[in-house]
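Report on one structure; see the data block that follows.
The values are calculated or read from the model by the stated rules, or taken from the named source; none is laboratory data. Since we're looking at a predicted model, the values are computed, not measured. Cβ placement follows ideal geometry from the backbone for every residue including glycine, while neighbour counts extend to all protein chains displayed. Accessible surface is based on the protein model in full, side chains and every heavy atom, while ligands, DNA and RNA are left aside. Shrake-Rupley method; radii C 1.70, N 1.55, O 1.52, S 1.80 Å.
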Amino acid sequence: MLVNRVAPRYDSTVKMNTVEDPLYLLSIVETITDSLHDKSSASVHDLLDAYATFANRVRSQSQVLEACDTLLPALTPFKIHKDTFIRALRRDVRLAHVDPLSTLSRPRLSLDDTSLGNSILNTSVDAKQYARILPQHDLSILYGDVLDIALAEQLPVLNEAKTHTLSLWTLGSHRLPLNVLGSRRDDIFSALQRCLDGARQPGNIILDGLKAISHAIEHHPSEFFDLLVPLLPHVMKNLHCESSQLRLHASIALGKFANALVHEADLSLTKWQTLSNHITSYLDSCCGESQVAQGDTNFSRIVRAAFSPESHACPTVAPTWILAVLASFIVICGPALYRKPTVLRFILQALAMALTHKRSIVRALHPHVWRCFVWTFSQMLLNSEDVEPALISSAFYVIKQEVSGGIGMALANVLLSDRVTAIRSDERGDRVSQALLAIKAMVRTECKHTRREGFMFLQAFTNVAKVQYQILQSMYEIPASVLLNGAIIGAKWDSLPSIIHSIPKIPVSAHWLEDAEIARQYKTLLVIWKHYATKVDKIDLDSGLVDVWLSILLACSHQLERGQHITATRDVPRYTAGIIVEFLPSVADYQPEWGSWNVRDQLCSLTFIDQLWSAMRKAFVSLSLAEAAELILASILKYAFHVLDPGVRTLWGRLCANLMTTASPSFLRDVHDLKTSQLVIRSQRELWGVVATSLSPPELGLHWKELVNFLAFPIWYIVFLSSRAHS
C-alpha cells in the first residue's frame, strides 16, 4: 500500500507552492519503485492509486512545472530513483501484451486485471515532466513500448479497445522532445495510417488517430509534416461523415496542416503541389456539379446547411466551422486553386454566403478567410520564377474583388514588400501598378475605415506624415491563426466576438515611392487622392490631404526639372486642373441656379479649389499654368455663386483674380494705367474671353442661337460702355 504521506489528498492551504516540497511526490515514487521487489507488499490497487495520484498532482501544478526550467524539489525523488522508476513504468505498460488468462507468463502484478497498464498509459500525458528528470534513451524506450501497443494487430487483454485507444491518446497528448520520437517516425506513421484507413475499428480509434495527427504536426511540424501528408485524404473524408466529433477533429487536423504550411520557412512549390492535389481531388469529387456525391456525403449540402441562419448550436454545422475549413482549403490549395475554376467557384460561392449572413460574427470572419487568398498570392510572388505570370495576374484580380476588413491593406503590403524581389526589369513597376489598383478600390468603398487605410498608403508613398511605419515582419502574419489552429472551431458562440477582436491588424508597411515612380503613376495616385478627398465632409481640406496633393505634384515637377521628361508628366498641369474642377457639382447631374445651391456647399467648393490651386502654383513654379488656370476659371464661371453672401463673394473674387492673372499674364501688365471704370471693363472682357474659349469644344452641344447671343454681349456692353468710359 501507499505510504501514509500519500493517502490524504493534497490540501493547497498546507503550502503555498507544493512543488517546492520534496515530499510532495516522494511516497508515490517509493510505492511504484518498491513494487519491483519480490517481497513488496504493494498490490495492483496500490499501484493504480499511486499512478492516479501522481497524474492528479502533476496536473494540478502543470502551470508551475511548465514555466520552470530548473529541477524543482518535488521532482527530486524521480532523479534519485530514475532507473527503478523507468523499469516499473515499462513493466506496467507491457502488461497490454500479456494474456491475463495465461498462468505461464502472467506477472504477479497483473493478477487482478489489465487496468494497471491502462493506468500508466493514462499517466503518460505528463511525459514532458519525465523529460526533465529521466534519460532520453529511457524515455525513447518507454515511448516505443506505448507505440508497440498501437501497432499491435491484436492485444490479448480483455479490454483491448480501451487499451488501444489509450495508447493512441498517449501518442496524441505527450510533450516529449523530438530526439525521443525521431527513431520511431515510420512506426508512428504506420500506427496512424492503420487508425484512419478503417483496418480496425475498436472504440474511437479514428478519432484518436485524428487527435494524434493534430498533436504531431502542431508540436513537431518540421519532423512530421512531410511524413503525415499522405494521410491527408483520410483526414478529409471525415469532414462529411455522420459523427460530429470526427468532423470536428478532422477539421482541426486539416487546420494544423494549413498552419504548418503558413509557417514553413522555405516553402517548396513541389511540396505545396502535393498537398493541393489532395484538396482539389477531394473538392472535385465532392463539390463538382457533375460528380456530386449523394446523401450525407455531399459536402456542398453541408456547406449550405452550415450557413443557414439557425446553424450555430453545434460546432460542426456552424458557419464558423465551415469558414475555418474553407480557410484551410485556400491555404493548402495555393496556386492550384486558380487552375481549378470549379473548385474556386465553389469556395467563392461559399464565402459569398458568409458575406451576406444575418449574423454579424459570420460577416466579421469573412475578410479574415479572404486574407488566406492574399497569403497564397504572396507565396506565388515569392516564387514568381516558377509561377506563370498569367496565373499571378488571375489570382490578383480574384483577390481584389474584396478589399474591406484589412484585405486591401494586406494585398497592397504584399505587392510592395521588399521581401518580394522583382525577377524582370519591369516587374517592380507592374506590382506598384497592381498595388495602386487595390488602393483605388479601397478608397472607393463605402467603408470609412477602409477608405482611411487606402489614404494611409498615399501618405506612406509620399512620407508626408514623417511616420516610421510598422513593417510587416513575415507573410505568416497575413492569415488569422485562430482560423487554422482550432481556436475558432472549438470556441463557444459567446466567446467568438472577443476572439475575432483579438486578431492582429495588418500594418501599413510600404516604403515611400521614388519621385520617378510617383511621376510614372501620378494619374492613378491623383485619382486615388480625389476619391478619398471628395468624400470629406468638411468646409476645407485638412493639411494631410493638401500635403499629399502637393507631394505628388512636386515629384512630377522635380522629374521635369531634372530633365526626366516622362511623356505623361508633361500633361500634369492640365490633368491636375481637371481633378480640381471635379470639386464643383457635375453639370450633367445638377444645374445650380440662383438660390438652388446652398452657401455652405459653395464655400466648400471654392475653399477646396483655392487650396489645391495654391498648392499647384507652389509645385509648378517654373511651368506655365495658363492653360490649367483657364480651364479652372472657365469651369467656375459656369456656376451661379451666391455672391451676395460676404464669404462667398470674398472667396470667389480672390480665386477668380488669382486664376485670371495666371490665365492672362498680360492683364496685370496693363492694368496699372487704367482708371477704376476701365479696370472693371477690362476684367469683364478677360473673363468673357475665358468663358468664350471654354464654349468652343463641339461636345458641349450648344445651339448656334445661344452662341450668337453670348457673342453679342460684348458688342453692346464692352464696346459701347468702353467708349462711354473714355468720353
Kindly indicate whether Lys466 is at pLDDT below 90, within 30 Å of Ile322 (Cβ to Cβ) and open to solvent by 30 Å² or more (accessible area, probe 1.4 Å).
no
Result of the Cβ filter at 6 Å on segment 524-539, keeping first residues that are surrounded by 15 or more Cβ atoms within 10 Å (Cβ to Cβ) and partners that are assigned to a helix (DSSP H, G or I) and not hydrophobic (A, V, I, L, M, F, W, C), at least 6 apart or interchain, is Ile528/Lys440; Tyr532/Arg451
Could you check segment 504-515 and list, in sequence order, the residues that are open to solvent by less than 30 Å² (accessible area, probe 1.4 Å) and hydrophobic (A, V, I, L, M, F, W, C)?
Ile506, Val508, Ala510, Leu513
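One line per residue, one yes/no per condition, for (1) of a type in the set (Ser, Thr, Tyr); (2) in contact with a Leu (Cβ under 9 Å, 6 or more places away or on another chain); (3) at pLDDT 80 or above; (4) open to solvent by less than 20 Å² (accessible area, probe 1.4 Å):
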residue	(1), (2), (3), (4)
Asp83	no, no, yes, no
His97	no, yes, no, no
Leu121	no, yes, no, yes
Leu151	no, no, yes, no
Out of (1) open to solvent by 40 Å² or more (accessible area, probe 1.4 Å); (2) outside any helix (DSSP H, G or I); (3) among the hydroxyl-bearing types (Ser, Thr, Tyr); (4) modelled with pLDDT of 70 or more, the odd one out for Ser40 is which?
(1)
Do you know which residues across segment 43-56 are open to solvent by 40 Å² or more (accessible area, probe 1.4 Å) and hydroxyl-bearing (Ser, Thr, Tyr)?
Ser43
Residues of segment 597-626 classified as open to solvent by 20 Å² or more (accessible area, probe 1.4 Å) and either outside any helix (DSSP H, G or I) or in contact with a Pro (Cβ under 6 Å, 6 or more places away or on another chain) (or both), total:
5
Any hit, segment 57-74, residues being over 22 Å from Thr170 (Cβ atoms), surrounded by fewer than 21 Cβ atoms within 10 Å (Cβ to Cβ), more than 45 Å from the chain's Cα centre (by Cα) and not small (Gly, Ala, Ser):
yes
Cβ-Cβ under 6 Å pairs, at least 6 apart or on other chains, segment 83-98 side farther than 21 Å from Ala152 by Cα, far side of a type in the set (Asp, Glu) and crowded, with 17+ Cβ neighbours inside 10 Å:
Ile86/Asp138
Scan segment 249-276 for residues that are closer than 11 Å to Phe225 by Cα and of a type in the set (S, T, N, Q) and report the count.
1
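For every residue, the table says whether it meets (1) more than 22 Å from Thr320 (Cβ to Cβ); (2) at pLDDT 90 or above; (3) open to solvent by less than 10 Å² (accessible area, probe 1.4 Å).
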position	(1), (2), (3)
Phe373	no, yes, yes
Thr376	no, yes, yes
Met380	yes, yes, yes
Ser384	yes, no, no
Ala390	yes, yes, no
Phe396	yes, yes, yes
Lys400	yes, yes, no
Gly405	no, yes, no
Asn413	yes, no, yes
